[in-house]
Amino acid sequence: MRGPWGPVYGPVDLEVDAGGVTVLVCPAGSGRTALLMTLAGRMKPVSGELSVLGRRRAREIFRHSALAGIDEIDNVSESVTVRDLVTEQLRWDSAWFRLVRRADDADLQRMCGPVFGELPLPPLTEYFEELTELDQLLLRIALANTRRPELLVVGNLDHVIRDENRDLLVARLIELGREQTVITATVNGVTGHDIRAQLAVANVARAELADNRTD
């Protein structure tokens, strides 16, 4: 991937098995974000080959994937309530001619229950900014994953700073990985969990790209 100011990431040689959770281990930054967006069909690579679950066109990949935890895509205004977010997503998912009422507890359970699992759901009246870092990211995943596509890309485990919360997040991703292919990323990798794979990815950081230009 290249942009107006030069390389964004690559070359990258990456093979992810279908099913379960795969963690990409690489530095945070625009390169990693662009790579995740490419894998989810939200960006089109400038060169090279890309195949995602047998699909090669970005538009086709887009239709069969969900992307969450990427600020450029699903950043949430802090001054909205959980009810507002769930209601808005219900309206996005509904046919244009349907009148969708404000979300209730049943809607919250239906949309967020599969992602939160046994963890308590956030109250409908709570403001997004008042949620814990874990609940914020789980809610963003739930909003993005309402159609349960084959591929779920979650932007950044490093959004969740506390080790205990990150462990809970990984556990929930593993559960989702029983029915979807889940790809996420972090700087330091994941320990203590039975995930599908951890793959070190080079050439996504500005320092690496600068070194490549001088070789």
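The values are calculated or read from the model by the stated rules, or taken from the named source; none is laboratory data. Since we're looking at a predicted model, the values are computed, not measured. A quick note on method: Cβ atoms are made from the backbone with ideal geometry, for glycine too, and the neighbour counts reach across all protein chains shown. What goes into the accessible areas is simple: the full protein's heavy atoms, side chains included, and nothing from ligands, DNA or RNA. Shrake-Rupley method; radii C 1.70, N 1.55, O 1.52, S 1.80 Å.
Cβ-Cβ contacts under 7 Å between residues 6 or more apart (or on different chains), taken from a first residue in the stretch 127-144 that is of a type in the set (Lys, Arg) to a second residue that is surrounded by fewer than 19 Cβ atoms within 10 Å (Cβ to Cβ), are listed as Arg140/Asp74; Arg140/Val76. Please verify whether Arg172 is modelled with pLDDT of 90 or more, assigned to a loop (DSSP other than H, G, I, E, B) and of a type in the set (Lys, Arg), treating the condition exactly as stated. So Arg172 fails the test.
Specify the residue that is modelled with the highest pLDDT; the eligible residues are those in the stretch 87-116 that are part of a loop (DSSP other than H, G, I, E, B) and aromatic (Phe, Trp, Tyr). My answer is Phe97. Could you go through the stretch 191-200 and let me know if any residue there is farther than 21 Å from Trp92 by Cβ and in contact with a helix residue (DSSP H, G or I) (Cβ under 6 Å, 6 or more places away or on another chain). Scanning the stretch 191-200, I find at least one residue that is farther than 21 Å from Trp92 by Cβ and in contact with a helix residue (DSSP H, G or I) (Cβ under 6 Å, 6 or more places away or on another chain), so the answer is yes.
If you check Thr181 against the conditions, is it farther than 14 Å from Arg32 by Cα, in contact (Cβ under 8 Å) with a residue 40 or more places away in the chain, of a type in the set (Val, Ile, Thr) and open to solvent by 20 Å² or more (accessible area, probe 1.4 Å)? The answer is no for Thr181. Find all pairs meeting these conditions: Cβ atoms under 7 angstrom apart; at least six residues apart or on different chains; first residue within the stretch 45-64 and farther than 16 Å from Glu15 by Cα; second residue open to solvent by 60 Å² or more (accessible area, probe 1.4 Å). Sorted first by the residue in the stretch 45-64, then by its partner, the pairs are Val46/Arg2; Ala58/Lys44; Phe62/Arg42; His64/Leu53; His64/Glu150.
Candidates Ala66, Ala34: the one that is closer than 23 Å to Leu137 by Cα, outside any loop (DSSP other than H, G, I, E, B) and touching a helix residue (DSSP H, G or I) at 6+ places or on another chain (Cβ under 7 Å) is Ala66.
Here Asn188 meets the list (1) open to solvent by 20 Å² or more (accessible area, probe 1.4 Å); (2) without any contact (Cβ under 8 Å) to a residue 60 or more places away in the chain; (3) farther than 17 Å from Val76 by Cα almost entirely, failing just condition (2).
Summed over the stretch 5-25, the residues that are in a loop (DSSP other than H, G, I, E, B), open to solvent by less than 60 Å² (accessible area, probe 1.4 Å) and of a type in the set (A, V, I, L, M, F, W, C) give a count of 4.
Test Thr146 against the criterion of being out of contact with any Phe, Trp or Tyr (no Cβ under 6 Å at 6 or more places or on another chain), in a loop (DSSP other than H, G, I, E, B) and surrounded by 18 or more Cβ atoms within 10 Å (Cβ to Cβ), and give yes or no. Yes; evaluated as a whole, the condition is true for this residue. Only one of the numbered conditions (1) of a type outside the set (Phe, Trp, Tyr); (2) surrounded by 17 or more Cβ atoms within 10 Å (Cβ to Cβ); (3) closer than 21 Å to Met1 by Cβ is not met by Ala28, and that is (2).
Leu139: buried (at least 19 other Cβ atoms within 10 Å of the Cβ) and either closer than 11 Å to Gly20 by Cα or at pLDDT 95 or above (or both), yes or no? Yes, satisfied. Hey, could you check the stretch 79-109 for residues that are of a type outside the set (A, V, I, L, M) and either farther than 19 Å from Tyr127 by Cα or touching a Gly at 6+ places or on another chain (Cβ under 8 Å) (or both) and say which is most open to solvent (accessible area, probe 1.4 Å)? Out of the qualifying residues, it is Trp96.
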